[in-house]
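Participant: My questions will all concern the structure given below.
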Amino acid sequence: MSSGLESLSTMPFLRISSIEEKKGIKIYEISVASDSQIAKSCNQLESYAPSVGDIIILEAFVTEGGDEDDDSPPSKYVIGASGKIDAADGKCQNGKRNSTFAAYLLNIVTYIRIWRCLDYETAVRINPGLVQEMVHYPLVPDILQKWDVDSIDSMEIWTKLSTMDLNNSQNDAVINCISEMHCNSNSSSFSLIWGPPGTGKTKTISVLLWLMREMKHGTLTCAPTNLAVKQVASRFLRLVKEHSFGTSSLGDILLLGNKERMCVDGDLKEIYLHDRVRKLLGCFAPLTGWRHCLSSLSDLFENGYSQYLQYLQDQEEDLRRCLKDLLFHVPKSSILEVNYDNILSILKMLEDFNSIFQRRCTGDEIKEVFLYRNGESDSRDYSMMKHWKTIVTLGKRIIRDFCIESASIIFCTASSSSKVTNKKVELLVIDESAQLKECETLVPLRLRTFKHAVLIGDECQLPATIKSKVCTDALFGRSLFERLSSLGHEKHLLNMQYRMHPSISIFPNLSFYDGKISDAPSVTEREHEKKYLPGSMFGPYSFVNIEGGREESDELCHSRKNLIEVVVIEEILRNLRKACSKAKRKVSVGVICPYTAQVLAIQEKLGKMKFDPVQVKINSVDGFQGGEEDIIILSTVRSNSDGLVGFLSNRQRTNVSLTRARYCLWILGNATTLLSSGSIWADLVCNAKDRQCFFDASSNKALARVIAKQKSDLNRVEVKNNTPLVQVQSQSGPNEQGSYSMSVSFDAGNPPSNIATVADLQCPGDQKEDADDITACLLDLKLS
């Protein structure tokens, strides 16, 4: 929360149009309205919509009335406040609107779920085996039974695995997880799979889950983020379809997640809870669902040909859709075998009717079908439909609970797993587990049915995001994967990478994995050698030295940017567009920046420029975790004479940055600064020089031209702005005494007249007196 306060001015906000006190202590109902003008003026790209668990700060400042879009109906929310709120806020006074604004600080839903799971006694009572193994590892000497390779079950698994095209390390990881689960059935344990970048971690997980499904074992698969959950669910779904014969039911596979944040599309909609409930709700609707359609079919059998043509137009397709949705979205294990066969029989009869009609039979032939009576068959078919009509219709909540309870393969974030109460799941699989705080692991572990847990991750990549230094020092962000690994728990290493050109993989392999990772044959073949731009500078791997760059801090001094590197990136992208357009080849490019300010600077520079057929993605290191692109351009930003590189020296962040590219990795940076840093980046520059992969940007005419122009522009701006400043400045956040301070600067010859308003805008409400003191000092200075 303290970290959130430091960057409060950059947080999304909304205007509160009314506040009404409700019954209860400090409980209020607020109405909010969207203000496009305010959002635009504050560079707020999206309107903020509160959700359950959000902590917001209420701040009052004055805006001119009449500019707001008051036609849109406000939304209402119930909030709990830390203090008394004046219900008069938001009303107009003296022609101006005294608005109250709600600024988003953070959401505490995940923290609440973690807190509920932190009671050790309760956790041990619910799942004693895994929780005790987690807390007290190792409880006993790590002596595990090994599966007899000659056993029937083992041979069946090896036969199925042989069709999956896994390498030896992937095969070993899968078979060991299954072995430990079966041979330690009377106790609980963890398996660790160590998956460095590009080693097929997601594929290995999907095969493990596929085998669990084949063996009728329920699994819950979690990950820290929605994106990671979607990636593993998508890969597993594709594997299921590849190994299915005909149309198979997917009702036992379920994807959970917030509709707005999950952004599900494509095939994943087939297993997404929200879409499944919607489809099944249509099947059970009284007026349009399967009961209505089946009733019409009964009338068809009773009245025959006279209703057939009308039925074909009105009812058959609806019934066909409803029955297929039932077979597809409801697990076969949840349907009685006789009912399952009945649905298939009805679908077969509908196909027979269609085949008769499509053969353009004469009316007499169709009438003969209806007039034909086989007493036994007719009685059986009719009673079958009457039996189905006795099934009751279901409501949305019941359908939702049924889908969760009946699924045996479930995907969700670790936090969302609190919604799962399924008693069928025996195996917990956590992907990207090195990014999950250990306390977060307790949320899915609360299910008492788990006998085994598989943690897949890589502690050499990014850990959980922790903004507080106090929490970082207390190892609050450490993952269970990292802790068990540090205690000597066995890890199954995936030791072959399929992503990077060998020139790209060699440095991270030696620096972070002690040379344990080998390159797959697919990346060493000639087909993996791509040439997109002329010159050795733009080969598979290069460090482009940009001397004389200038790093700048953003307004809050929290982030940095380097405009020289920005124009170099723009020029490279322009040249790529020309080359790829001429060659008619598509390529994906990722631009990775360690600093958010650099990301924003590049996005602003490129604007809405089109680079087709080059697809460009610009993001921070965190945003590229788990991703990959054909070409990666890495902007290191830092350029100073002191060798200061800040958190750029973090080895885990460096590892992620260097391992996202398939064919080409071009690193931009100031070699002098990086060599003086004494960090992993000094090793990287030396390695690039030793391998003849080091190039000066000035040696390329196009790059030298844009660098010279940008330096000239920066010098002009510096001269233009070289006027005396009166400045009151400190970091935006608590100082050593724990109070808040602000930063204001202006031209001494022309101070602004609305400085009080600026102070109001930039200071939290409880620091208003301090802001007034600063404003008074500035006004005294203005008068003097």
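The values are calculated or read from the model by the stated rules, or taken from the named source; none is laboratory data. Note that the structure is a prediction, hence the values are computed from the model and not measured. Please note: Cβ atoms are built from the backbone with ideal geometry, for glycine as well, and neighbour counts cover all protein chains shown.
Participant: Give the residue, chosen from Ser559, Ser518, Ser542, that is surrounded by fewer than 18 Cβ atoms within 10 Å (Cβ to Cβ) and of a type in the set (Ser, Thr, Tyr).
Facilitator: On inspection, the qualifying residue turns out to be Ser518.
Residue-by-condition table, conditions (1) part of a helix (DSSP H, G or I); (2) buried (at least 18 other Cβ atoms within 10 Å of the Cβ); (3) of a type outside the set (D, E, K, R):
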residue: Thr221; (1), (2), (3): no, yes, yes
residue: Gln231; (1), (2), (3): yes, yes, yes
residue: Lys241; (1), (2), (3): yes, no, no
residue: Ser244; (1), (2), (3): no, no, yes
residue: Gly251; (1), (2), (3): no, yes, yes
residue: Leu254; (1), (2), (3): no, yes, yes
residue: Gly257; (1), (2), (3): no, yes, yes
residue: Arg261; (1), (2), (3): yes, no, no
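Participant: When the residues of the range 409-428 are filtered to those that are assigned to a loop (DSSP other than H, G, I, E, B) and touching a residue at least 60 places away in the same chain (Cβ under 8 Å), which remaining residue is farthest from Cys263 (Cα to Cα)? Spell out the reasoning first.
Facilitator: Restricting attention to the range 409-428, the residues satisfying the condition of being assigned to a loop (DSSP other than H, G, I, E, B) are 414-415, 420-424.
From the residues that got through so far, the ones that are touching a residue at least 60 places away in the same chain (Cβ under 8 Å) too are 414-415, 420, 422, 424.
On the way: Ala414: 18, Ser415: 17, Val420: 20, Asn422: 24, Lys424: 27 Å.
Per the stated criteria, the residue is Lys424.
Participant: Within the range 231-277, which residues are without any contact (Cβ under 8 Å) to a residue 40 or more places away in the chain and aromatic (Phe, Trp, Tyr)?
Facilitator: Phe245, Tyr272
Participant: Which condition number does Leu576 fail, the rest of (1) buried (at least 18 other Cβ atoms within 10 Å of the Cβ); (2) under 28 Å from Gln652 (Cα atoms) being met?
Facilitator: (2) is the only condition that Leu576 fails.
Participant: In the range 600-618, which residue that is assigned to a strand (DSSP E or B) and either on the phi > 0 side of the Ramachandran plot or crowded, with 18+ Cβ neighbours inside 10 Å (or both) is farthest from the chain's Cα centre (by Cα)?
Facilitator: Taking the range 600-618 first, the residues assigned to a strand (DSSP E or B) are 614-618.
Filter again for either on the phi > 0 side of the Ramachandran plot or crowded, with 18+ Cβ neighbours inside 10 Å (or both), leaving 614, 616, 618.
On the way: Val614: 24, Val616: 19, Ile618: 16 Å.
So the residue we want is Val614.
Participant: Among the residues of the range 680-705, which ones are assigned to a helix (DSSP H, G or I) and either crowded, with 19+ Cβ neighbours inside 10 Å or in contact with a Ser or Thr (Cβ under 8 Å, 6 or more places away or on another chain) (or both)? Give the steps one after another, and end with the answer.
Facilitator: Here is the first cut: in the range 680-705, the residues assigned to a helix (DSSP H, G or I) are 680-690, 697-699, 701-705.
Scanning the range 680-705 gives Ile680, Trp681, Ala682, Asp683, Leu684, Val685, Ala688, Ala697, Leu703, Ala704.
Participant: Also, quick follow-up: Looking at the range 198-219, which of its residues are part of a loop (DSSP other than H, G, I, E, B) and either out of contact with any strand residue (DSSP E or B) (no Cβ under 7 Å at 6 or more places or on another chain) or small (Gly, Ala, Ser) (or both)?
Facilitator: The first filter runs over the range 198-219 and keeps only residues part of a loop (DSSP other than H, G, I, E, B), leaving 198-200, 215-217.
Answer for the range 198-219, where residues must be part of a loop (DSSP other than H, G, I, E, B) and either out of contact with any strand residue (DSSP E or B) (no Cβ under 7 Å at 6 or more places or on another chain) or small (Gly, Ala, Ser) (or both): Gly198, Gly200, Met215, Lys216.
Participant: Which is modelled with pLDDT under 85 and farther than 25 Å from Asp252 by Cβ, of Ile157, Ile143, Ile126?
Facilitator: Numbers: Ile157 fails: farther than 25 Å from Asp252 by Cβ; Ile126 fails: farther than 25 Å from Asp252 by Cβ.
None of the others qualify; the one that does is Ile143.
Participant: Moving on. Across the range 647-672, what is the total count of residues that are assigned to a helix (DSSP H, G or I) and within 27 Å of Ile466 (Cα to Cα)?
Facilitator: Step one: of the range 647-672, the residues assigned to a helix (DSSP H, G or I) are 647-649, 651-658, 671-672.
Restricting the remaining residues to those that are within 27 Å of Ile466 (Cα to Cα) gives 647-649, 651-658.
Selection size over the range 647-672: 11.
Participant: Can you run down the residue pairs with Cβ atoms below 7 Å, 6 or more apart or on separate chains, where the first is in the range 623-652 and without any contact (Cβ under 8 Å) to a residue 12 or more places away in the chain and the partner is polar (S, T, N, Q) and in a strand (DSSP E or B)?
Facilitator: Within 7 Å, no pair qualifies.
Participant: Further question: Examine the range 443-465 for a residue that is surrounded by 21 or more Cβ atoms within 10 Å (Cβ to Cβ), hydroxyl-bearing (Ser, Thr, Tyr) and in contact with a strand residue (DSSP E or B) (Cβ under 9 Å, 6 or more places away or on another chain), and state whether such a residue exists.
Facilitator: Looking through the range 443-465, none of the residues is surrounded by 21 or more Cβ atoms within 10 Å (Cβ to Cβ), hydroxyl-bearing (Ser, Thr, Tyr) and in contact with a strand residue (DSSP E or B) (Cβ under 9 Å, 6 or more places away or on another chain).
Participant: Give the number of residues within the range 158-173 that are not in a helix (DSSP H, G or I) and not hydrophobic (A, V, I, L, M, F, W, C). Full working, then the answer.
Facilitator: Keep residues of the range 158-173 that are not in a helix (DSSP H, G or I), which gives 162-167.
With not hydrophobic (A, V, I, L, M, F, W, C) added as a condition, the list becomes 162-163, 165, 167.
Qualifying residue count for the region: 4.
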